[in-house]
Number of protein chains: 4
Amino acid sequence: MTRVAIVGATGYAGAELVRILAGHPRVQLTMLTSRQFVGKKFDRVYPAMSGVVDLTCEAYDADRVSQAADIVFMALPHRIPMEFVPQLLKRGQRVIDLSADFRFHDAALYESVYQPHTAKEYLTTSVYGLSEIYAGQIRTAELVGNPGCYPTSVLLPLIPLIKAGLLDTGSLVADSKSGVSGAGRSPAMASHYCAANESFKPYKVAAHRHNPEMNAVLSQQANKPISITFVPHLVPMTRGMQTTIYATPAHSMKPADVADCYRSAYAQCTFIRLCPENRPPDTLHVRHTNFCDIGFAFDASNNRLVLMSAIDNLVKGAAGQAVQNMNIMLGLNETTGLHTVPFPL
Amino acid sequence: MTRVAIVGATGYAGAELVRILAGHPRVQLTMLTSRQFVGKKFDRVYPAMSGVVDLTCEAYDADRVSQAADIVFMALPHRIPMEFVPQLLKRGQRVIDLSADFRFHDAALYESVYQPHTAKEYLTTSVYGLSEIYAGQIRTAELVGNPGCYPTSVLLPLIPLIKAGLLDTGSLVADSKSGVSGAGRSPAMASHYCAANESFKPYKVAAHRHNPEMNAVLSQQANKPISITFVPHLVPMTRGMQTTIYATPAHSMKPADVADCYRSAYAQCTFIRLCPENRPPDTLHVRHTNFCDIGFAFDASNNRLVLMSAIDNLVKGAAGQAVQNMNIMLGLNETTGLHTVPFPL
Amino acid sequence: MTRVAIVGATGYAGAELVRILAGHPRVQLTMLTSRQFVGKKFDRVYPAMSGVVDLTCEAYDADRVSQAADIVFMALPHRIPMEFVPQLLKRGQRVIDLSADFRFHDAALYESVYQPHTAKEYLTTSVYGLSEIYAGQIRTAELVGNPGCYPTSVLLPLIPLIKAGLLDTGSLVADSKSGVSGAGRSPAMASHYCAANESFKPYKVAAHRHNPEMNAVLSQQANKPISITFVPHLVPMTRGMQTTIYATPAHSMKPADVADCYRSAYAQCTFIRLCPENRPPDTLHVRHTNFCDIGFAFDASNNRLVLMSAIDNLVKGAAGQAVQNMNIMLGLNETTGLHTVPFPL
Amino acid sequence: MTRVAIVGATGYAGAELVRILAGHPRVQLTMLTSRQFVGKKFDRVYPAMSGVVDLTCEAYDADRVSQAADIVFMALPHRIPMEFVPQLLKRGQRVIDLSADFRFHDAALYESVYQPHTAKEYLTTSVYGLSEIYAGQIRTAELVGNPGCYPTSVLLPLIPLIKAGLLDTGSLVADSKSGVSGAGRSPAMASHYCAANESFKPYKVAAHRHNPEMNAVLSQQANKPISITFVPHLVPMTRGMQTTIYATPAHSMKPADVADCYRSAYAQCTFIRLCPENRPPDTLHVRHTNFCDIGFAFDASNNRLVLMSAIDNLVKGAAGQAVQNMNIMLGLNETTGLHTVPFPL
């Protein structure tokens, strides 16, 4: 059994890591850290876990984490991992970081939307954890920068078509929608029940920090600069993320070309499901799973492709993909511990 | 007091008409018809109205409706109004029809997405009831084709900029989201609580019947053919509709140009509210009101404008705008009976 | 026009007061105070009100409030009104306080569940603002202690039957359920969307501070000590409160006796609606209204009466009843400004 | 591997059976029947299952079911199982029926609330499938009548205290609340999103068919006739059931007596979790699990015990308990395939 620690286990992504890893047949959860709940049993913070998870939250300490674990998940707000991750790497740990701190290879780009980066030397070797695309590099990575939820939902439907040269890369618009858990566990006005319920609204319009992340990955994949317009919206539901992408074809094409491209690119990818034409991706169908459902339609009247995806923002958009990456790093089948039967409702 | 009848009063749009008109200071509700609930008191169908609305649902009969009312609202599924409306017009009634039957001037366009039109002779004189745009013609109209909810949410932010020549009309994409009441009152799998709750999904992707309606109005306003890509989505909430539109500017422009254009176009329009830059339109802020909140942002990196609107699909998107049109037709202030104080939550 | 000030206008009850009073035909809102938003326009805190309410939040100052207003609503957390209310009364204001501070005549009872009372001298003259029951005293009151939401939902169905001697007063159990807005506007874990959504739970079981308030009023009405078991629950919805009460009849009785008792007690009460037997009270039917819907059933097998009520916790349970009390104090019809047409959905 | 068939697999309980059994390590799903979707792949009815469950819905046929399976779950509306179950029993199948048809030993009682019973001869040998209480008989049963969701939520907290003689059995009141999935998959007005959302209401007040079921089991357990008052309510959420029970102690007692009683009765029961005093059972904590969380409080002022439970109505309230019964019947650990890690949110 591989021993695993979660640093920052009581935020939503951390708790979802606990959920998945506690049921994972090949690992043992040995340590949970929390800044807010040191000394408190984890199931007092998340009573759903009573009688199932029997760990107590500890304070983060690099030495103790390294002694307890063979691989470490870090689920903290950006800026803190910059400090902690190097400590763990130096102690020989492999680390999967769910923050933005190690998603960028270009420190200047990171700094343009976050803050000064204090561990730039790791940016060249960290691997971007979009499992289906970077599995080869993830396998041997010491440090994985796990993707943002929005980038995951935007990149998975886009990358195969971009690489196949099917899209006019200057035409890309991504309109994304997220459930409220994306805003995190800390109480705030935006996540107040009475503010979110019966409310649908855009926010950070063309100004979200996940936008440069998408641009960087798309540019790398296409070997040329790509920039997309990205607008996130908030949906009155707990979990789920849906993205609709608008793109002009690079040249005359048939819908079957798109389907073929996806089928070929994702042939080996259990967690990518291509939806039939008459059933667009629905967040309800991927809730609590690591699936990314993808669909598309061709608007012939306007010569425009519509690509659609649906994920669970806390699973494929965060903890699930992180465990998928761990599986790859450990040489396990990537679906181990993740391929549960979805709920019908 | 003007006497008013509602034909089809027990669907959601019809019931919302009852709600508004029962509180309207200048009209008297004299007749409600229903196909399903003939002989039943309206407040047995909508118990919220108990003690407030004391009318009984009747069967539709052209003569009886004409005797009872000076102006008639028709809130029936398309195809039926084609048959009923001419009967009422011939009896001298003025009619506001909430279906699609009299929204198009071009019968062929209507027939391409609905079914054969059996009252084409009225299509040339019927007026499209987008109040802020067609008030001049609505004033004297005998027959108003009240706009669809999606077209209302798309056209109000687009038309001023289109008319001012600010947009590349080949670049238009509208990504819309609607609450479940838009699917109507008849029980169906799509509006089952357990199917809609915690679900967000696109539907009728680039294939919704409101798309040609938008195209037709935009083309008329621009005096040239315009076609837009339109994708509707379903949101787990009862009421509300939000649209985000993506457009490339026709030429170099400043954000202030957009603001100026809206301010000028909607200077006299109480129900259009321009949102401050940092607060995009939110369905919660317009719920139960006739407001259309409009906002915009300029994505300078990609030279793309983002326009946003929020309405209550049952009010400005249906019953409220219909009453606004009635006010205009009757020479009243367009806000009469509609300008209630919004709910804080 | 009577000039009205709201002290504490930016909490949920305060904002709902703004909503109702801004649309009230006989009063003018002249001053809003807020602790958190001094100097900010009210419609920046509640953007739904943009273009409708044009007031700026001010700091509380007894002199300024007294100059601005003829009657003052106080919508602050308990303990603060103890300090402010005497200041206003001394300046000749009539005050309607929505906190618990002036709901009790017995200071010791108040102190047993809140904290030391520093304005006990006002407890003997303050009037409990349960409009339908205490209208006679409210009319001339200088100070009204507006009832809690739970007590309103429990007392209105109970009092007529208690006064008629129909119930075994030792048998009373009230099981109440409230929407999340009852927890107030301040962000907290309990009102986090992801904690409240898809969650139903009891809280403060037989230990809620509204319980002694109910007991005191029931005892006064019955002229003997009455104590009831009260358990509140949290419902995943924004507004609404439903209470189901279980009671053993005092003696053999027929269901018609209950109906007769209600009809007689509430004959003149517009805001009390008796539901037909086969349609129990539903929060959806009273949402956004000042109605209290009441229903009942007799469980003959167990000789037990089931009484049910539904209110909007922010309207009849707070701001609406406060305005109803103001109407009574001003000699207006109690429904003025409150009798809007309910929403069908 | 035991071969399992589900008759009526496309209703909500049936689909949840598919979900659990598809992930069960000791059984193989061999046949799904459906009346509405014969010939359709199951994952077209429940797209969440795409790529995971690869079975096609078939028509029911006693012979084919018996050939395909070693044990059969029946998830059909009552009245149909009366006809089907005997056919299967005669062919040597063991059957777990989720309808009411085989829950009663007294045909007259069944007939008083359902309809004439046509397979009365099986009522004496069928075993009531409340797993924690009847495990001994379930082990060898040929036919299990799986409990209703409400009875499960009422009986589990009540039975230990009743058997211990702690309660005045004439004082029992159960106030239950259910999510909308309890109303089933067939679209109906009551489960329309816009009717259920933002609505909380009682229904079938003291007249629900689960009431006699509770009474019968309690009476059997107590060896004397017991009748309780039962009122169900509908909550705006998909899954979950919470019950609050009010009871007078039979004699003077301490809260510790109740805790001791539960601990002793449920010492070996993994799926019963006793909640700490300050955290009442919450449906969110048991969602998607087979747990029944139980809590209690003593209202000393009124000498009344308050018992509380929370279950997932589709799991412990239906499909989960049915699988738990299957495990017991097959001699497996009762938690096999059911003891998944709960979701933190």
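The values are calculated or read from the model by the stated rules, or taken from the named source; none is laboratory data. Just so it is clear, the model here is predicted, and its values are computed rather than measured. Glycine gets a Cβ as well: all are built from the backbone with ideal geometry, and neighbour counts include every protein chain shown. These area figures cover heavy atoms from the full protein model, side chains too; ligands, DNA and RNA do not enter into them. Shrake-Rupley method; radii C 1.70, N 1.55, O 1.52, S 1.80 Å.
Is it fair to say B:VAL258 is hydrophobic (A, V, I, L, M, F, W, C), within 23 Å of the chain's Cα centre (by Cα) and open to solvent by less than 10 Å² (accessible area, probe 1.4 Å)? Criteria not met by B:VAL258. Scanning region A:66-87 for residues that are surrounded by fewer than 21 Cβ atoms within 10 Å (Cβ to Cβ), among the β-branched types (Val, Ile, Thr) and over 18 Å from A:GLU16 (Cα atoms) returns a single hit, A:ILE80. Residues of region C:273-310 that are hydroxyl-bearing (Ser, Thr, Tyr) and either surrounded by fewer than 24 Cβ atoms within 10 Å (Cβ to Cβ) or assigned to a loop (DSSP other than H, G, I, E, B) (or both): C:THR289, C:SER301. The condition (being on the phi < 0 side of the Ramachandran plot, free of Cβ contacts under 8 Å to residues at least 12 places away in the same chain, within 14 Å of chain C (Cβ to nearest Cβ) and over 18 Å from the mean Cα position of the chain (by Cα)) is satisfied by just one residue among D:SER227, D:SER252, D:SER219: D:SER219. If a residue has to be facing another protein chain (nearest Cβ under 7 Å) and either in contact with a Phe, Trp or Tyr (Cβ under 9 Å, 6 or more places away or on another chain) or under 27 Å from B:LEU166 (Cα atoms) (or both) to count, how many in region B:201-216 make the cut? Number of matching residues: 2.
Scanning region C:261-272 for residues that are part of a helix (DSSP H, G or I), touching a residue at least 40 places away in the same chain (Cβ under 8 Å) and more than 18 Å from C:ILE245 (Cα to Cα) yields a total of 2.
Rundown of residues vs (1) within 30 Å of D:ARG239 (Cβ to Cβ); (2) basic (Lys, Arg); (3) within 12 Å of another protein chain (Cβ to nearest Cβ), yes/no style:
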site: A:LEU234; (1), (2), (3): yes, no, yes
site: A:MET237; (1), (2), (3): yes, no, yes
site: A:PRO281; (1), (2), (3): yes, no, yes
site: A:PHE298; (1), (2), (3): no, no, yes
site: A:GLN321; (1), (2), (3): yes, no, no
site: A:VAL341; (1), (2), (3): yes, no, yes
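Set side by side, the residues A:ALA206, A:ALA183 differ, and just one is out of contact with any helix residue (DSSP H, G or I) (no Cβ under 6 Å at 6 or more places or on another chain), under 30 Å from B:ARG279 (Cβ atoms), open to solvent by 10 Å² or more (accessible area, probe 1.4 Å) and small (Gly, Ala, Ser), which is A:ALA206. When B:TYR134, B:TYR150 are checked against the criterion of being assigned to a helix (DSSP H, G or I), free of Cβ contacts under 8 Å to residues at least 12 places away in the same chain and under 16 Å from the mean Cα position of the chain (by Cα), B:TYR134 stands alone in meeting it.
Counting only residues that are over 20 Å from A:PHE298 (Cβ atoms), in a helix (DSSP H, G or I) and in contact with a helix residue (DSSP H, G or I) (Cβ under 9 Å, 6 or more places away or on another chain), region B:213-254 holds 6 of them. The set of residues from region D:157-212 being charged (D, E, K, R) and in a loop (DSSP other than H, G, I, E, B) comprises D:ASP168, D:ARG185, D:GLU198, D:LYS204, D:ARG209.
For B:ASN325, state whether it is away from every other protein chain (no Cβ under 12 Å), outside any strand (DSSP E or B) and of a type outside the set (Gly, Ala, Ser). Steps first, answer last, please.
Working: away from every other protein chain (no Cβ under 12 Å): yes; outside any strand (DSSP E or B): yes; of a type outside the set (Gly, Ala, Ser): yes.
Considered against the rule, which asks whether it is away from every other protein chain (no Cβ under 12 Å), outside any strand (DSSP E or B) and of a type outside the set (Gly, Ala, Ser), B:ASN325 comes out as yes.
Is it the case that C:TYR12 is facing chain B (nearest Cβ under 10 Å), closer than 28 Å to B:PRO280 by Cβ and within 18 Å of the chain's Cα centre (by Cα)? Answer is yes for this residue. Residues in region B:122-148 that are open to solvent by 10 Å² or more (accessible area, probe 1.4 Å) and touching a Ser or Thr at 6+ places or on another chain (Cβ under 8 Å): 1 in all. Looking only at region D:1-41, residues that are at pLDDT 95 or above, more than 19 Å from A:PHE343 (Cβ to Cβ) and in a loop (DSSP other than H, G, I, E, B) come to 6 in all.
Every residue, every condition in (1) free of Cβ contacts under 8 Å to residues at least 60 places away in the same chain; (2) among the polar types (S, T, N, Q), yes or no:
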site	(1), (2)
D:ARG3	no, no
D:ALA9	no, no
D:VAL18	yes, no
D:GLY23	no, no
D:LEU29	yes, no
D:SER34	yes, yes
D:LYS41	yes, no
D:TYR46	yes, no
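B:LYS201 meets each of the listed conditions (1) open to solvent by 20 Å² or more (accessible area, probe 1.4 Å); (2) in contact (Cβ under 8 Å) with a residue 24 or more places away in the chain; (3) within 29 Å of B:SER126 (Cβ to Cβ) apart from (3). Taken as a whole, the structure places A:GLU334 among residues that are away from chain B (no Cβ under 14 Å) and open to solvent by 30 Å² or more (accessible area, probe 1.4 Å). From the list C:VAL38, C:VAL53, C:VAL18, C:VAL65, the lone residue that is more than 22 Å from the chain's Cα centre (by Cα), among the aliphatic types (A, V, I, L, M) and within 14 Å of chain B (Cβ to nearest Cβ) is C:VAL53.
From the list A:ASP70, A:ASP43, which residue is within 14 Å of chain D (Cβ to nearest Cβ) and among the acidic types (Asp, Glu)?
On the way: A:ASP70 fails: within 14 Å of chain D (Cβ to nearest Cβ).
None of the other options fit; the residue is A:ASP43.
A quick yes/no check of all residues on (1) at positive phi; (2) among the aliphatic types (A, V, I, L, M); (3) in contact with a strand residue (DSSP E or B) (Cβ under 6 Å, 6 or more places away or on another chain); (4) assigned to a helix (DSSP H, G or I):
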| site | (1), (2), (3), (4) |
| --- | --- |
| A:CYS57 | no, no, yes, no |
| A:ASP63 | no, no, no, yes |
| A:GLN67 | no, no, no, yes |
| A:VAL72 | no, yes, yes, no |
| A:LEU76 | no, yes, no, no |
| A:MET82 | no, yes, no, yes |
| A:GLN87 | no, no, no, yes |
| A:GLY92 | yes, no, no, no |
| A:PHE104 | no, no, no, no |
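Considering only residues that are out of contact with any strand residue (DSSP E or B) (no Cβ under 9 Å at 6 or more places or on another chain) and open to solvent by less than 20 Å² (accessible area, probe 1.4 Å), look in region B:16-43 and name the one that is farthest from C:HIS285 (Cα to Cα). The qualifying residue farthest from C:HIS285 (Cα to Cα) is B:ILE20.
Taking B:LEU307, is it touching a Phe, Trp or Tyr at 6+ places or on another chain (Cβ under 9 Å), touching a residue at least 40 places away in the same chain (Cβ under 8 Å) and either within 11 Å of chain A (Cβ to nearest Cβ) or among the charged types (D, E, K, R) (or both)?
Working: touching a Phe, Trp or Tyr at 6+ places or on another chain (Cβ under 9 Å): yes; touching a residue at least 40 places away in the same chain (Cβ under 8 Å): yes; either within 11 Å of chain A (Cβ to nearest Cβ) or among the charged types (D, E, K, R) (or both): yes.
Criteria met by B:LEU307.
Each residue in region C:44-65 was checked for being open to solvent by 40 Å² or more (accessible area, probe 1.4 Å), of a type outside the set (Asp, Glu) and touching an Asp or Glu at 6+ places or on another chain (Cβ under 8 Å), and 3 pass.
Among the candidates B:THR244, B:THR340, single out the residue that is of a type outside the set (Asp, Glu), in contact (Cβ under 8 Å) with a residue 24 or more places away in the chain and in contact with a Gly (Cβ under 8 Å, 6 or more places away or on another chain). Lay out the reasoning, then the answer.
Details: B:THR244 fails: in contact with a Gly (Cβ under 8 Å, 6 or more places away or on another chain).
The conditions single out B:THR340.
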